[in-house]
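Taken together, the values in this text are just the output of simple stated rules run on the coordinates, not laboratory data. The shown structure was predicted, so the numbers you read here are calculated from the model rather than taken from an experiment. Positions of Cβ are generated from backbone atoms using ideal geometry, with glycine treated the same way; all protein chains shown enter the neighbour counts.
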């Protein structure tokens, strides 16, 4: 086992070294994608607010939601130091976007860095809360089938809610407002004070749009696009770590390298959705080296053979339904199973 562990560490180091050339950003590209994306987003939202014909308005709101997803992935990259690492203007732009999008920097950095350091890793038994196998910090929690059978009705309800499709559908409130802003703020207000600022900025934008344009302008130009972006973003994040063949690795076998390749998926998307999602589908590549800019993830996968064997998921209805049904970890067979499978076992 010791020899295998050393070999894994050596392979991981070599693979990480192979990704390092792709972690070099192009400032020209970073600024072009930042400027063009935010310009398109602002113009689209203005049009959604001004055009009165509702079919066009809804279409523009949907387009605005997709552009918000792309802008958020770029914010996510900025927070990883993958783009505009030393730019003061970039810091102002993206920190402001983080406040507007209910993802204040302090809360987001804390939860997302924890996620990267612990994806696919079980919680130590002495630290487990509500009998969770994996943490709910920066991620959707996971129980084993055995834990599920031993939990109280309240714990079961809480767990079902955390993984229910309706929770993802209304991620605007459940994920972004509550989990990312309110919960950290209430838990540690001194550390996560920017959660309150984010709520004020976000709410202030809605109030200003209502005052100067009316509720319909606020709804189509901001509320609906953000609701669409939040729902899609929450599902994308969930699906990339909740799929058939996903692995939960024993603590002694866990490594950053294995978690990237075995606990993260390659979400295969067409060129249009890849653009709107900022190439986040290459999630296993991102988890291996989070310093790779979003516009170089595909290049890294194409050039490094070891990255081409990741588990593939898609946004086809069959895969979405399958993903949403996988809710518990089967320790006997090392795989995700549904509540129905657990009940019949």
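Treating the angle as unsigned and between 0 and 90°, give the value, to the nearest 10°, between the Cα long axis of helix 88-100 and the longest Cα principal axis of the chain.
90
For residue 164 paired with residue 150, estimate the spin-label separation in nm (one decimal), with each label point 7 Å from Cα along the Cα-to-Cβ line.
Calculated label separation equals 2.6 nm.
Among 64, 281, 270, which one shows the highest mean-square fluctuation when the chain is modelled as a Gaussian network with alpha-carbon springs under 10 Å?
The residue with the greatest mean-square fluctuation here is 270.
R0 = 56 Å: FRET efficiency of residue 272 with residue 110, Cβ-based, nearest 0.05? If you can, show how the numbers build up before the last one.
Details: r = 33 Å, r/R0 = 0.59.
In this case the efficiency is close to 0.95.
Helix 105-118 sits at what angle to the longest principal axis of the chain, using alpha carbons and giving 0 to 90 degrees rounded to 10?
20
With a 10 Å Cβ neighbour count serving as the proxy for reagent exposure, in which order, fewest first, do 210, 323 appear?
Working: 210 16, 323 22.
Fewest to most other Cβ atoms nearby, the residues stand as 210, 323.
At 25 °C and 0.890 mPa s, what whole-number value in µm²/s does Stokes-Einstein give for the translational diffusion of the stretch 201-345, with Rh from the Kirkwood sum over Cα pairs?
Taking Rh from Cα pairs, D becomes 140 µm²/s.
Hull surface divided by four, with the convex hull built on the Cα atoms of the stretch 162-224: how many nm²? Working shown, then result.
Numbers: hull surface 19.1 nm².
Averaged projected area of the stretch 162-224's Cα convex hull equals 4.8 nm².
For a quick check: sort 16, 282, 75 by the number of other beta carbons within 10 angstrom, fewest at the front. Please list the in-between numbers first.
Working: 16 15, 282 30, 75 24.
Least crowded to most crowded, the residues run 16, 75, 282.
Checking the a/c ratio against 1.5 first, then a/b against b/c, what shape does the Cα gyration tensor give for the stretch 143-276?
Details: a/c = 2.07, a/b = 1.55, b/c = 1.34.
Prolate, because a/c is 1.5 or more and a/b exceeds b/c.
Springs between alpha-carbon atoms under 10 Å, Gaussian network over the chain: tell me which of 165, 189, 122 tops the mean-square fluctuations.
Maximum among the listed residues: 189.
What do the square roots of 5 times the Cα gyration tensor eigenvalues come to for the stretch 14-125, in whole Å, largest first, as semi-axes of the equivalent ellipsoid?
Square roots of five times the eigenvalues give 31, 19, 14 Å.
With springs only between Cα atoms under 10 Å apart, run a GNM on the chain and tell me which of 175, 217, 93 wobbles the most.
Most flexible of the set in this elastic network: 93.
Suppose each label sits 7 Å from its Cα in the direction of the beta carbon; what would the residue 58-residue 26 distance come out to in nanometres?
3.9
Relative to the longest principal axis of the C-alpha atoms of the chain, give the angle of the C-alpha long axis of helix 153-163, reported between 0 and 90° and rounded to the nearest 10°.
60
In nm, to one decimal, how far is the residue 320 label point from the residue 188 one, both placed 7 Å along Cα→Cβ?
Inter-label distance under the simple model: 3.6 nm.
Project the alpha carbons of the chain onto their principal axes and report the range along each, largest first, in whole Å.
65, 50, 43 Å, listed from the longest principal axis down.
Using r as the Cβ-Cβ distance of residue 212 and residue 331, and R0 as 41 Å, what FRET efficiency do you calculate, to the nearest 0.05? Write down the numbers at each step before the final one.
Details: r = 57 Å, r/R0 = 1.38.
E(calc), rounded to 0.05, equals 0.15.
Take 244, 340 and order them by how many other Cβ atoms sit within 10 Å, fewest up front. If you can, show how the numbers build up before the last one.
Values: 244 14, 340 10.
Ordered by Cβ neighbours within 10 Å, fewest first: 340, 244.
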